[in-house]
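The values are calculated or read from the model by the stated rules, or taken from the named source; none is laboratory data. The shown structure was predicted, so the numbers you read here are calculated from the model rather than taken from an experiment. As a convention, Cβ positions derive from the backbone with ideal geometry for all residues, glycine included, and neighbour counts pool all protein chains shown.
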Amino acid sequence: MDIKTDKNTVDAIQDIRNALPNDEEMHALADLFKMFGDPTRVKILSCLQVRNMYVGEIAETLDMTISAVSHQLRVLRASKLVKGTKEGKEVKYSLDDDHVTKIMEYGLTHVNEE
């Protein structure tokens, strides 16, 4: 795009460009938000906001199969949104950190705005 701009505008545009995340960060952020694009994953994250849970507990709470929940948990773990802690023969899942809770809370606040 070739537009006539004054020095202040050119400087302002450069400042904005410098403030933007790099391409790798932009792609990683887009991938993160894709995780919240699936209602099943959001339901699982919502359960884990209430308390840490085993796969079977999540499956029963959401009326899903253990296999379906396990699949979604693998996806969420790969995205660093949940983590699992081995307890005997089972794994108890929790949100990976407080950032996940904040993302969920801010998202719900935004959705519920009038």
Task: Selection count, region 43-60, where residues are hydrophobic (A, V, I, L, M, F, W, C) and free of Cβ contacts under 8 Å to residues at least 12 places away in the same chain - done: 2
TODO: Please specify each residue of region 19-29 satisfying the condition of being among the small types (Gly, Ala, Ser) and surrounded by 11 or more Cβ atoms within 10 Å (Cβ to Cβ).
DONE: Ala28
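Any residue that is at pLDDT 95 or above, loosely packed, with under 10 Cβ neighbours inside 10 Å and not in a loop (DSSP other than H, G, I, E, B) - is there at least one of those in region 69-83?
No, the conditions are met nowhere in region 69-83.
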TODO: Please enumerate the residues belonging to region 30-60 that are exposed (fewer than 13 other Cβ atoms within 10 Å of the Cβ), within 11 Å of the chain's Cα centre (by Cα) and part of a helix (DSSP H, G or I).
DONE: Ala30, Asp31, Phe33, Lys34
TODO: Check off (1) out of contact with any Asp or Glu (no Cβ under 8 Å at 6 or more places or on another chain); (2) exposed (fewer than 15 other Cβ atoms within 10 Å of the Cβ); (3) part of a loop (DSSP other than H, G, I, E, B) for Met64 and give me the number that stays unchecked.
DONE: (2)
Task: Checklist (1) over 14 Å from Val91 (Cβ atoms); (2) within 17 Å of the chain's Cα centre (by Cα) applied to Asp63, failing item - done: (2)
- [ ] Just give me the residues in region 84-114 being free of Cβ contacts under 8 Å to residues at least 24 places away in the same chain and surrounded by 15 or more Cβ atoms within 10 Å (Cβ to Cβ), in sequence order.
- [x] Gly84, Asp96
- [ ] Residues being loosely packed, with under 10 Cβ neighbours inside 10 Å, under 38 Å from the mean Cα position of the chain (by Cα), among the hydrophobic types (A, V, I, L, M, F, W, C) and modelled with pLDDT under 90: count how many of those fall in region 1-18.
- [x] 1
